[in-house]
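The values are calculated or read from the model by the stated rules, or taken from the named source; none is laboratory data. No experiment lies behind these values; they were computed from the predicted model shown. Glycine also receives a Cβ, built like all others from the backbone with ideal geometry; neighbour counts cover every protein chain displayed. Accessible surface areas use protein heavy atoms only, side chains included; no ligands, DNA or RNA. Shrake-Rupley method; radii C 1.70, N 1.55, O 1.52, S 1.80 Å.
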Amino acid sequence: MKLFFTVNGERRDLELDTRTTLLDALREHLHLTGSKKGCDHGQCGACTVMVGGRRINACLTLAVMHQGDEITTIEGLGSPDKLHPMQAAFVKHDGYQCGYCTPGQICSSVAVLEEIKAGIPSHVTADLNARPGLTADEIRERMSGNICRCGAYSNIVDAITEVAEQQA
Amino acid sequence: MKPFTYERATSPAEAAAAAARRPGAKFIAGGTNLLDLMKLQIETPAHLIDVNGLALDKLEPTPEGGLRIGALVRNTDLAADQRVRRDYGVLSRALLAGASGQLRNKATTAGNLLQRTRCPYFYDTNQPCNKRQPGSGCSALGGFSRQLAVVGHSEACIATNPSDMAVALRALDAVVETVKPDGTTRGIPIAEFHRLPGDTPHIETALEPGEFITAVTLPPPAGGRHVYRKVRDRASYAFALVSVAAVVQRDGTGRVALGGVAHRPWRVEAAEAEVPRGARAAMAAILANARPTHENAFKVTLAERALHAVLAEARG
């Protein structure tokens, strides 16, 4: 089936089997291998990308369902010589060990700060009718869909907190 | 995944008609549960009808003073809506207690209602399961049943409904609006939407073949304190062992629905007269017919204690 979407600002035309997930389209067909395949079942968050500005699990959606959509992957956030502030903060705070979950963690982190800014509540937000705060508890809860087997969680929270404070 | 053909629906009625025309067709919206199950070949639709293009993503007031939630409103947007946060807090809380941020961004209102059980034997295609393969038997009855149902189950199935959202909708007396393949519409009270397993656990809802959910309607706000308490093995991103959705009024009366204990959100309206007398009396009535396994008998105690905490929070 023929389709197109925009990836990191560039229109990409593809002809794919209907079964192709967005993740496989990005990795196997467009060779954007920053997004990782961990569990392939939406449980680990390694495949997290932004579609229309919102983070989703690229493994649990079909490419054909994204005709015309705007997709941002880790490659679209920054590059080795021009790191996104969140990438720089992960490096500074050692927010990883093996690095496999890191692209998903970073895409998710960037989206989490946007979600807090947009006033979207979370499970740990005490008052549903107040604006959620930028606390470590809020960050941990909102990042619970991104698993790190190396257990770099406390450094990940430090990295996100630093970027949040820079933006504030 | 097994091969399938794919089309994009152009209207709700047309989607329903298309599903009725094509045996083995399924609707796909968020896809977060369906694609998971397709990868495991637990679901093997021959045809997918993508309904994402239908403009069913609005929340609007009803003439009666309630709220009409479009079938495609994403879980994130429903939980964050100011009216839901203010007037139906138990629904926001239930949604935010479920899944992850990524999944809530994709999952829809109708899809959440239709998600399948997470019973480990339903997921293991090497094991008999009456829900996955009718007539093959239930592996869970004599198996690992810690997570499974304590009430309303049958000899054919002890699976639980995994949804948090549906538990809140049950406490709120929501109505599920649908369109059938012949174009007629109806409203199904949430109490009648999910079925008990009986001897047909593969039939999970009151929907007829091809029938398509267009919206979920909430009655005018009930007032009171809204609490959703979910007890699980992790602090976040896990299914409920037991959950309690409650709307408690100032005079101590209230509505209580339970998650994690049955094949559908568990509410016993007749038992709610006991709510002012406290958690012990209320839960004894709500779970009067409980028949737990030796592995999940703890859920009966846990449900009572969770309700105790909920009632204390509602009073405080």
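Consider residue A:50 carefully, then state whether it is within 14 Å of chain B (Cβ to nearest Cβ) and part of a strand (DSSP E or B).
Yes; evaluated as a whole, the condition is true for this residue.
For residues that are part of a loop (DSSP other than H, G, I, E, B) and more than 8 Å from every other protein chain (Cβ to nearest Cβ), scanning just region A:126-142, find the one that is surrounded by the most Cβ atoms within 10 Å (Cβ to Cβ).
Looking at residues that are part of a loop (DSSP other than H, G, I, E, B) and more than 8 Å from every other protein chain (Cβ to nearest Cβ), I get A:132.
Among the candidates A:110, A:51, A:7, A:91, single out the residue that is at pLDDT 95 or above, within 15 Å of the chain's Cα centre (by Cα) and assigned by TED's automatic domain parsing to the domain that holds residue A:140.
A:110
Conditions (1) of a type outside the set (Asp, Glu); (2) in a loop (DSSP other than H, G, I, E, B), marked per residue:
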position: B:143; (1), (2): yes, yes
position: B:163; (1), (2): yes, yes
position: B:166; (1), (2): yes, no
position: B:182; (1), (2): no, yes
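Scan region B:19-57 for residues that are away from chain A (no Cβ under 13 Å), part of a helix (DSSP H, G or I) and surrounded by 21 or more Cβ atoms within 10 Å (Cβ to Cβ) and report the count.
So the answer is 1.
Report yes if some residue within region B:68-88 is closer than 15 Å to residue B:177 by Cβ and small (Gly, Ala, Ser); otherwise report no.
Yes - at least one qualifying residue is present in region B:68-88.
Within region B:249-301, work out how many residues are buried (at least 21 other Cβ atoms within 10 Å of the Cβ) and aliphatic (A, V, I, L, M).
12
Could you list, in sequence order, the residues of region B:260-287 that are assigned to a helix (DSSP H, G or I) and touching a Pro at 6+ places or on another chain (Cβ under 9 Å)?
Within region B:260-287, just B:282 meets the criteria.
Could you list, in sequence order, all residues of region B:156-187 that are in contact with a His (Cβ under 9 Å, 6 or more places away or on another chain) and among the β-branched types (Val, Ile, Thr)?
Of everything in region B:156-187, those that are in contact with a His (Cβ under 9 Å, 6 or more places away or on another chain) and among the β-branched types (Val, Ile, Thr) turn out to be B:158, B:160.
What is the residue count in region A:3-33 for residues that are away from chain B (no Cβ under 14 Å), among the polar types (S, T, N, Q) and touching a Leu at 6+ places or on another chain (Cβ under 9 Å)?
2
Please go through region B:94-132 and give me each residue that is without any contact (Cβ under 8 Å) to a residue 40 or more places away in the chain and not aromatic (Phe, Trp, Tyr), ordered by number.
Once the filter is applied, which keeps residues that are without any contact (Cβ under 8 Å) to a residue 40 or more places away in the chain and not aromatic (Phe, Trp, Tyr), region B:94-132 yields B:96, B:101, B:102, B:104, B:105, B:120, B:124, B:126, B:127, B:128, B:129.
Quick check: anything in region B:84-106 buried (at least 17 other Cβ atoms within 10 Å of the Cβ) and part of a strand (DSSP E or B)?
No, there is no match, as no residue in region B:84-106 is buried (at least 17 other Cβ atoms within 10 Å of the Cβ) and part of a strand (DSSP E or B).
For region B:189-209, which positions are of a type in the set (D, E, K, R) and either open to solvent by 60 Å² or more (accessible area, probe 1.4 Å) or farther than 12 Å from residue B:117 by Cα (or both)?
B:192, B:195, B:199, B:208
Could you grab me the full set of residues in region B:114-161 that are under 17 Å from residue B:42 (Cβ atoms), of a type in the set (Lys, Arg) and open to solvent by 30 Å² or more (accessible area, probe 1.4 Å)?
Scanning region B:114-161 gives B:116, B:118, B:132.
Mind checking which pairs have a first residue in region B:269-282 that is within 12 Å of residue B:254 (Cα to Cα) and without any contact (Cβ under 8 Å) to a residue 24 or more places away in the chain and a second that is among the β-branched types (Val, Ile, Thr) and surrounded by 15 or more Cβ atoms within 10 Å (Cβ to Cβ), Cβ under 9 Å, 6 or more apart or different chains?
Correct list of pairs: B:271/B:256; B:271/B:286; B:272/B:256; B:272/B:286; B:274/B:286.
Tally up the residues in region B:58-76 that are more than 9 Å from every other protein chain (Cβ to nearest Cβ), buried (at least 18 other Cβ atoms within 10 Å of the Cβ) and more than 16 Å from residue B:15 (Cβ to Cβ), please.
Result for region B:58-76: 7.
Scanning region B:7-16 for residues that are surrounded by fewer than 20 Cβ atoms within 10 Å (Cβ to Cβ) and touching a Gly at 6+ places or on another chain (Cβ under 8 Å), which turns out farthest from the other protein chains (Cβ to nearest Cβ)?
So, considering only residues that are surrounded by fewer than 20 Cβ atoms within 10 Å (Cβ to Cβ) and touching a Gly at 6+ places or on another chain (Cβ under 8 Å), the one farthest from the other protein chains (Cβ to nearest Cβ) is B:13.
Just name the residue that is nearest to the other protein chains (Cβ to nearest Cβ) out of those in region B:96-120 that are basic (Lys, Arg) and under 13 Å from residue B:163 (Cβ atoms).
B:104
Could you list all residues from region A:80-114 that are more than 14 Å from chain B (Cβ to nearest Cβ) and either in a helix (DSSP H, G or I) or within 16 Å of residue A:10 (Cα to Cα) (or both)?
Listed by number, the residues that qualify are A:85, A:86, A:87, A:88, A:89, A:90, A:91, A:92, A:102.
Has region B:224-232 got any residue that is more than 14 Å from chain A (Cβ to nearest Cβ) and buried (at least 17 other Cβ atoms within 10 Å of the Cβ)?
Scanning region B:224-232 turns up at least one residue that is more than 14 Å from chain A (Cβ to nearest Cβ) and buried (at least 17 other Cβ atoms within 10 Å of the Cβ).
Of (1) farther than 18 Å from residue B:264 by Cα; (2) more than 10 Å from chain A (Cβ to nearest Cβ), residue B:93 satisfies all except one. Which?
(2)
Looking at region A:53-70, which of the residues that are facing chain B (nearest Cβ under 7 Å) and assigned to a strand (DSSP E or B) is surrounded by the fewest Cβ atoms within 10 Å (Cβ to Cβ)?
So the residue we want is A:54.
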